[in-house]
Amino acid sequence: MRTGIILKSISGFYTVRSDGELIVCKARGRLRVENTTPLVGDHVEITINDDGTGAIDRLLPRKNAFVRPPIANLDQLVIIVAAVIPVTDPFLIDRMTAIAAQNGCEAVICINKSDLDQGDTLFETYTRCGFKTIRTSAETGEGIDELSAAVCGKISAFTGNSGVGKSSILNALEPDFNIQTADVSKKLGRGRHTTRHVELFTLANGAVVADTPGFSSFDTEAMEMAGKRELQNLFIEFEPFLGSCRYNDCAHIKERGCAVLDAVGDGVIPVSRHESYARLYEQLSRRNEWA
Ligand code: GDP
Ligand code: ZN
């Protein structure tokens, strides 16, 4: 019996990395009976057959699991944003940080195209909230070492609206990355942005990186499953103020004696973050009424 991690899943065949070796495995029927479909990112126990292929006997407990893209055990979401061509809507960023928080995943904010615009407002906003915030330029190489250090030893997924430089950043981190991903697209016979296929790649520094689609298709359903009362816990910078509002059931929208609103007024919580919170709260309220 050996353990490993699933790097790739295609039509019931799982590529598992175990002790530096890649083994193509099938899942035991028992797993299907238990209704546990292995996901890319799963830590698994395998047995090796005589012909060198393997069988997945058991999935080890998951830290988290996403539906879209289908991936387990993500340590962090690297949210690539830009202050210029295209300008990233802070609401998209804040929805992603909430999804990360909901899944016990760190969020790293990467402000790309720093050669064109340093993104001071974004940098200040997310640093103030306590996120690791890195300025990068795929063009000049600024910040690439810092980003490389931030993903080292972890499983990360990169997300970002189209055009912010996701592919360029991955390519700057690892010149082989695009060659590897282009290869996958060719095999599947479609472009990498139209495919639901997820694969984990290991960078030279040992970082494990998922090639995933952009913001639009990244598990927004997870957010919809959150209750509106839970939302306050998904904005990490609210944490010191929760429990200090006049009303126990304070929604932090416009209540009197709200400690969160006071912190926004004092400039401790960024206004744009609170606006995103209010917008998500409103969306979740409407959803809860239907349910
Ligand atoms: P993606 O859609 O997020 O994968 O974005 P791409 O990596 O395809 O980049 C979109 C465009 O932005 C391309 O023309 C890149 O050359 C350009 N680009 C990406 N990163 C940078 C950067 O740091 N600085 C500048 N000036 N241009 C960049
Ligand atoms: Zn409040």
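The values are calculated or read from the model by the stated rules, or taken from the named source; none is laboratory data. Owing to the predicted nature of the structure, the values given are computational and were not obtained by experimental measurement. Here the Cβ is made from the backbone with ideal geometry for all residues, glycine too, and neighbour counts use every protein chain on show.
Odds and ends about this structure:
- Pick from segment 243-282, criterion within 9 Å of ligand 2 (Cβ to nearest atom) and under 22 Å from P90 (Cβ atoms), ranking: surrounded by the most Cβ atoms within 10 Å (Cβ to Cβ): V260
- The strands (runs of 3 or more DSSP E) found entirely in segment 1-111 that carry 1 or more residues being among the basic types (K, R) are 2-10, 13-18, 21-27, 54-59.
- Here R68, R58 are screened, and the one residue that is touching a Ser or Thr at 6+ places or on another chain (Cβ under 7 Å) and modelled with pLDDT under 95 is R68.
- Residue match in segment 234-242 (condition: within 12 Å of ligand 2 (Cβ to nearest atom), assigned to a helix (DSSP H, G or I) and buried (at least 18 other Cβ atoms within 10 Å of the Cβ)): yes
- Failed condition for T47, given (1) surrounded by fewer than 23 Cβ atoms within 10 Å (Cβ to Cβ); (2) under 16 Å from the mean Cα position of the chain (by Cα): (2)
- For segment 126-161, filtering for residues that are of a type in the set (S, T, N, Q), assigned to a strand (DSSP E or B) and either in contact with a Ser or Thr (Cβ under 9 Å, 6 or more places away or on another chain) or closer than 17 Å to D89 by Cα (or both) leaves 2.
- One residue stands out in segment 112-121 among those that are closer than 16 Å to D89 by Cβ and assigned to a loop (DSSP other than H, G, I, E, B): the one that is nearest to ligand 2 (Cβ to nearest atom), namely G119.
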